[in-house]
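**Q** Sending over a structure as structure tokens; questions will come in a sec.
Derivation of every value follows stated rules applied to the coordinates shown; laboratory data play no part. As the structure is a computational prediction, the values presented were derived from the model and not from experiment. Because the Cβ atoms are built from the backbone with ideal geometry, glycine has one as well, and the counts that use them run over all protein chains shown.
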Amino acid sequence: MADAQTLKQLVLGRKDVQDMSDTEHELPPDLMTVNMGPSHPAMHGTVRIVLTVDGERVVKSDVQPGYLHRCFEKESEHATYTQVFPYTDRLNYVSPMINNCGWAMVAEKLLGITGSIPKRAEYIRVIVSEMSRMTDHLTCIGASAMELGAFTPFLYFLKAREWLYELLEKVSGARLTHTYVRVGGVGKDLPDNFDEDLTRTLDQIVKVMVEVETMLNGNKIFRDRMAGIGAMTRADAIATGCVGPIARAAGVDYDVRKDYPYSIYPELEFDVPVGTTGDCFDRYLVRIEELKQCISMLRQCMKQIPPRSDVGDGRTMIDDHRVTLPPKTDTYNTIESMIRHFKHIVDGIKIPAGETYAFLEGGNGELGFYVVADGTGRPYKAYVRSPSFVHLSTAGQLIHNHLIADIVPIFGMINMIGGECDK
């Protein structure tokens, strides 16, 4: 029978073996390259990461978006300003109402009518935007918890998200791709008894949040998988252009609604939660607190919104023939209104030549649209500053020197939305 030393030589395949307890010489000396995605559940279907690993530790990565082929910016240059709204729905498709508002704001800025939008329309825009922000955060937190094995919070938060989707469907007629906002206002008024439905839904969501926080905040497995993982310093967040919950978790006190107030946000009281460590757990806590702030703002909006009316602040659309369609009865009965309707649909809203950038606080931070207008009814050039794309560019830095398993919570709390990244 071979002695122990001979067996060691046979197993390791080398003559100069040292003690078997020396693990350095047991591990393969070569690095390994592996693919993670695009067909990986944690990659959300549209991102591929080529990993170079030393055992289970990531030493190098190549993050590759580009499997969705949205072409938002080039498509927008061949559509009228009104026809672009459905395209914005497909950017961040988890909170599309905010995208609608951003596109309307850039067109209104070029038209010079920003301050003329009826107050009720502005309130409605903020209401649907904050509801969309909630659906975004509920999805991010729920999916990230589920990817770490916490399936119950995922079901609870997706249930709450569904309640909000049902309300948004009552408002717009569509569950996800709403196409509800218009240049100069919104497509139609809120449905009857909407305030009662929203109040009841918010009360239910508050109870769900208490249940989920009870399950997650003190859960040892959840905290071990999130705390200290994917940490980003405040300086790095600023240097890489991060915004929204990711930047605020790192200590960057920046929120467009506060720092560059728009719409009726100056009339609302709300706080901007800011973290300290910039890790995955802080990103989770920031989003949880933002959900609570959204609920508070929605309650304020329902108390302050002007009553509906055909004149003044109670309207839902500006009274400007350059941007609004005539009433259907006029279209069918007068030649002037029929021509106006035809030109509006076929040629689009005539935006004066110029260029501008308009931005607002999206679900993941500053969402901006830069448009160059040439005086026709279609943008000459369009560009979207999509926060998810900026944040995805930091993924390689965040996962460096972490374990393969840590990629899942890091990528989840980046909240990559494919429509914004592959635009």
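**Q** Let's see if you can work this out: charge +1 on each Lys and Arg Cβ, -1 on each Asp and Glu Cβ, no other charges. What is the dipole magnitude of region 72-421 about its Cα centre, in debye to the nearest 20?
**A** Values: 37 positive and 45 negative charges, 66 e Å.
Its charge dipole is roughly 320 debye.
**Q** Sticking with this structure for a sec: Based on the alpha-carbon set only, what is the convex hull volume of region 293-346 divided per residue, in Å³?
**A** 119 Å³
**Q** Need the C-alpha centroid separation for region 279-325 versus region 50-127, integer Å.
**A** Between the Cα centre of region 279-325 and that of region 50-127, the gap is 18 Å.
**Q** Among K109, K303, K60, which one shows the highest mean-square fluctuation when the chain is modelled as a Gaussian network with alpha-carbon springs under 10 Å?
**A** K303
**Q** Also, quick follow-up: Above 25 angstrom, tally the Cα pairs of region 62-201 and express them as a % of all pairs, no decimals.
**A** On the way: 3456 of 9730 pairs.
Above the 25 Å cut-off, region 62-201 has 36 percent of its Cα pairs.
**Q** Can you flag which of K170/K328; K74/K109; K258/K350; K159/K220; K119/K258; K109/K188 are past 30 Å Cα-Cα? It would help to have the intermediate numbers written out before the result.
**A** Details: K170/K328 22 Å; K74/K109 21 Å; K258/K350 32 Å; K159/K220 25 Å; K119/K258 19 Å; K109/K188 21 Å.
K258/K350, as the Cα separations exceed 30 Å there.
**Q** Another question about this same structure. Per 5 Å bin, what percent of the C-alpha pairs of region 126-259 does each bin hold, from zero upward?
**A** Computed distribution, short to long bins: 2, 9, 15, 16, 16, 17, 13, 8, 4, 1, 0.
**Q** In the P(r) worked out for region 330-423, what percent of Cα pairs fall beyond 23 Å? Could you put the intermediate results ahead of the total?
**A** Details: 2279 of 4371 pairs.
In whole percent, the share of Cα-Cα pairs in region 330-423 beyond 23 Å is 52.
**Q** For helix 194-216, what angle does its Cα long axis make with the longest principal axis of the chain, in degrees from 0 to 90 and rounded to 10?
**A** Taking Cα atoms only, the helix is inclined about 10 degrees.
**Q** If you take all C-alpha pairs in region 87-166, what percent of them are over 15 Å apart? The partial results should precede the final answer.
**A** Numbers: 1987 of 3160 pairs.
Tail fraction, whole percent: 63.
**Q** Build a GNM of the chain with springs between Cα atoms under 10 Å: which of R120, R287, R322 gets the top mean-square fluctuation?
**A** So, out of R120, R287, R322, the one fluctuating most is R322.
**Q** Over the Cα atoms of region 262-402, compute the convex hull volume and normalise it per residue, giving Å³.
**A** Values: hull volume 24.2 nm³, N = 141.
Given the Cα convex hull of region 262-402, per-residue volume reads 172 Å³.
**Q** If you keep only loop residues by DSSP, which trypsin sites (Lys or Arg not before Pro) in region 137-235 have at most 16 other Cβ atoms within 10 Å of their Cβ? Can you show the working numbers first?
**A** Working: sites: K159, R161, K170, R175, R182, K188, R200, K207, K220, R223, R225, R234; in loops: R175, K188.
Passing sites in region 137-235 are R175, K188.
**Q** Which value does Rg/Rh take for the chain over its C-alpha atoms, Rh per Kirkwood? Before the final figure, lay out each step's value.
**A** Details: Rg = 25.5 Å, Rh = 23.5 Å.
My calculation puts Rg/Rh at 1.09.
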